[in-house]
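K.L.:
Supplied in structure tokens, the structure appears directly below.
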Amino acid sequence: MYEEYNRHDIAVYAGFLENDAELLECTSGGIATALARHIIQRGGYVAGVAYSGDFYKAEYKVINQEDQLDEFKGSKYIEVEKGDVFHDVKTLLDAGERVLFFGLPCIVGAVKSFLKREYDNLITCELVCHGPTSPKVHTEYVKHLENRFGSRVTDFSVRKKREVWTPPYLYAKFENGREFERPFYSTEYGYAFSVMGRGSCYDCKFKGNNRMGDIMIGDFWGAKPEDIFWNDKGVSVIFVHTDKGKELLHAVEGIRLFETTFERAVSNNPMVIQSKERKPEREKFKRLLDQKGLIYAAYHSKTLKGRIKATAARFVPGPLKPFLKTVYLYIKKAVGLGKA
Ligand SMILES: Cc1cc2nc3c(=O)[nH]c(=O)nc-3n(C[C@H](O)[C@H](O)[C@H](O)COP(=O)(O)OP(=O)(O)OC[C@H]3O[C@@H](n4cnc5c(N)ncnc54)[C@H](O)[C@@H]3O)c2cc1C
Ligand code: SF4
């Protein structure tokens, strides 16, 4: 069923870091961090994405020190400022340095077009991509939290693990020592990420056989406790597209790898082969975001069902949710709004 989409895949793996403490700091299985550490320990450079010092935006950086790796950990779910990163990467490559470049598939495509030729000393790692949301969402949310807590943000994540990989939590730490933690998809930020991607992401050209990197990594969605590669602290999926990518992956220390099939890896991760669907709320949300800001837009562009779900996700303890869902469906039927 999926054979037509994997013309360039040499091998597909599930994998994760062996160090549990570090695995909990990473988004999925921490394979990005392991690849980056391997390159830096051998004198190379890594181009990746970090939050700015004030946490108001995300930006590309090129690093060559192990103690800088922490900044790259964690997905940044917004459009990123590229600055001079393409120039900087080219300068390093022309000087004979080894560079590992992380990016969303279209950015990996863009850096390759910019470079105009193949470099043996460049390795590219793309992320499975659902598409980022607007940087305005991020900046507004961070400022909203700073107002609420009366203090500057000093740490921030949209993929914080609470001892286990899922569900992801949005986490912020403040200068005054206080902390904020909430299931990501029950926040206004999570809602924005799920309803408002960039226009081009709904017809993305970098799926299936048009993947761009030597390696592609993502979350191994659909991994189950009975799988040999299961780890409740996070599992990465790794698609190897070139011999260069395979050589690097197998040289990396401190990770566990399990070969799997393309079909298994993609069956719960459709973003590898297809674009996301445009949600009906997108246009209203986008308009309200521009006019009234994130918090207003997130509330007023939701359907009634969406508002109830968001409130339940925020306030109702997990075991009570099935019961309340039954009550909701019963009331809906009673007032003639649909089938129970
Ligand atoms: C916008 C976005 C959408 C995504 N959608 C999906 C999806 O639908 N399905 C799926 O399986 N995976 C998706 N991912 C990938 C997933 O969230 C993880 O980034 C990936 O599994 C790597 O996890 P890790 O534990 O190896 O990374 P970590 O060890 O936590 O390191 C994170 C790495 O990601 C890089 N990075 C972080 N944010 C960005 C960014 N915005 N642009 C470029 N590089 C970045 C950092 O430089 C670092 O190298 C998405 C990522 C992003 C940024
Ligand atoms: S979905 Fe496609 S176009 Fe959108 S950011 Fe990802 S790779 Fe780029």
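K.L.:
For residues that are assigned to a helix (DSSP H, G or I) and within 13 Å of ligand 1 (Cβ to nearest atom), scanning just the stretch 186-199, find the one that is surrounded by the fewest Cβ atoms within 10 Å (Cβ to Cβ). I'd like the intermediate steps shown before the answer.
P.N.:
Taking the stretch 186-199 as the starting set, the residues that turn out to be assigned to a helix (DSSP H, G or I) are 186, 188-195, 199.
Of the ones still in play, those that are also within 13 Å of ligand 1 (Cβ to nearest atom) are 189-190, 192-194.
Working: TYR189: 25, GLY190: 25, ALA192: 26, PHE193: 22, SER194: 16.
Top of the filtered list is SER194.
K.L.:
Does at least one position in the stretch 48-58 carry a residue that is within 26 Å of VAL235 (Cα to Cα) and more than 16 Å from ligand 2 (Cβ to nearest atom)? Let's see the steps before the verdict.
P.N.:
Taking the stretch 48-58 first, the residues within 26 Å of VAL235 (Cα to Cα) are 48-51, 58.
Of the ones still in play, those that are also more than 16 Å from ligand 2 (Cβ to nearest atom) are 50-51.
Yes - at least one qualifying residue is present in the stretch 48-58.
K.L.:
Being closer than 28 Å to LEU23 by Cα, at pLDDT 95 or above, touching a strand residue (DSSP E or B) at 6+ places or on another chain (Cβ under 7 Å) and surrounded by fewer than 15 Cβ atoms within 10 Å (Cβ to Cβ) narrows it down to one residue among SER75, SER52; which is it?
P.N.:
Numbers: SER75 fails: surrounded by fewer than 15 Cβ atoms within 10 Å (Cβ to Cβ).
Step by step, each of SER75, SER52 is checked, and only SER52 is closer than 28 Å to LEU23 by Cα, at pLDDT 95 or above, touching a strand residue (DSSP E or B) at 6+ places or on another chain (Cβ under 7 Å) and surrounded by fewer than 15 Cβ atoms within 10 Å (Cβ to Cβ).
K.L.:
Still on this structure, I have one more. Going through the stretch 68-90 one residue at a time, which ones are away from ligand 1 (no atom under 15 Å from the Cβ), in a helix (DSSP H, G or I) and free of Cβ contacts under 8 Å to residues at least 24 places away in the same chain?
P.N.:
Let us first name the residues in the stretch 68-90 that are away from ligand 1 (no atom under 15 Å from the Cβ), namely 84, 87, 90.
Next cut, in a helix (DSSP H, G or I) only: 87, 90.
Passing the criteria: only HIS87.
K.L.:
Something else: Would you say LEU93 is more than 9 Å from ligand 1 (Cβ to nearest atom), more than 23 Å from the chain's Cα centre (by Cα) and without any contact (Cβ under 8 Å) to a residue 40 or more places away in the chain? It would help to see each step written out before you state the result.
P.N.:
Details: more than 9 Å from ligand 1 (Cβ to nearest atom): yes; more than 23 Å from the chain's Cα centre (by Cα): yes; without any contact (Cβ under 8 Å) to a residue 40 or more places away in the chain: yes.
Spelling it out, LEU93 is indeed more than 9 Å from ligand 1 (Cβ to nearest atom), more than 23 Å from the chain's Cα centre (by Cα) and without any contact (Cβ under 8 Å) to a residue 40 or more places away in the chain.
K.L.:
Now for a different question. Restricting the stretch 96-119 to residues that are without any contact (Cβ under 8 Å) to a residue 60 or more places away in the chain and in contact with a Lys or Arg (Cβ under 8 Å, 6 or more places away or on another chain), which is surrounded by the most Cβ atoms within 10 Å (Cβ to Cβ)?
P.N.:
Applying the filter and picking the extreme gives ILE107.
K.L.:
Is it the case that ARG182 is touching a residue at least 24 places away in the same chain (Cβ under 8 Å), surrounded by fewer than 21 Cβ atoms within 10 Å (Cβ to Cβ), out of contact with any Cys (no Cβ under 8 Å at 6 or more places or on another chain) and not in a helix (DSSP H, G or I)? Even if it seems obvious, please write down each step before you answer.
P.N.:
Details: touching a residue at least 24 places away in the same chain (Cβ under 8 Å): yes; surrounded by fewer than 21 Cβ atoms within 10 Å (Cβ to Cβ): yes; out of contact with any Cys (no Cβ under 8 Å at 6 or more places or on another chain): yes; not in a helix (DSSP H, G or I): yes.
Yes: the conditions hold for ARG182.
K.L.:
When only residues in the stretch 224-244 that are closer than 25 Å to HIS8 by Cα and under 17 Å from the mean Cα position of the chain (by Cα) count, which is nearest to ligand 2 (Cβ to nearest atom)?
P.N.:
Going through the stretch 224-244, the residues closer than 25 Å to HIS8 by Cα turn out to be 229, 235-244.
From the residues that got through so far, the ones that are under 17 Å from the mean Cα position of the chain (by Cα) too are 235-239.
Details: VAL235: 21, SER236: 18, VAL237: 16, ILE238: 18, PHE239: 14 Å.
Restricting to residues being closer than 25 Å to HIS8 by Cα and under 17 Å from the mean Cα position of the chain (by Cα), the top hit is PHE239.
K.L.:
Moving on to the next point. If you scan the stretch 37-54, which residues turn out to be away from ligand 1 (no atom under 11 Å from the Cβ), out of contact with any Lys or Arg (no Cβ under 8 Å at 6 or more places or on another chain) and farther than 14 Å from VAL252 by Cα?
P.N.:
SER52, GLY53
The values are calculated or read from the model by the stated rules, or taken from the named source; none is laboratory data. Worth saying up front: this structure is predicted, and the values here are computed from it rather than measured. Ideal geometry is used to build each Cβ from the backbone, glycine not excepted, and the neighbour counts take in all protein chains shown.
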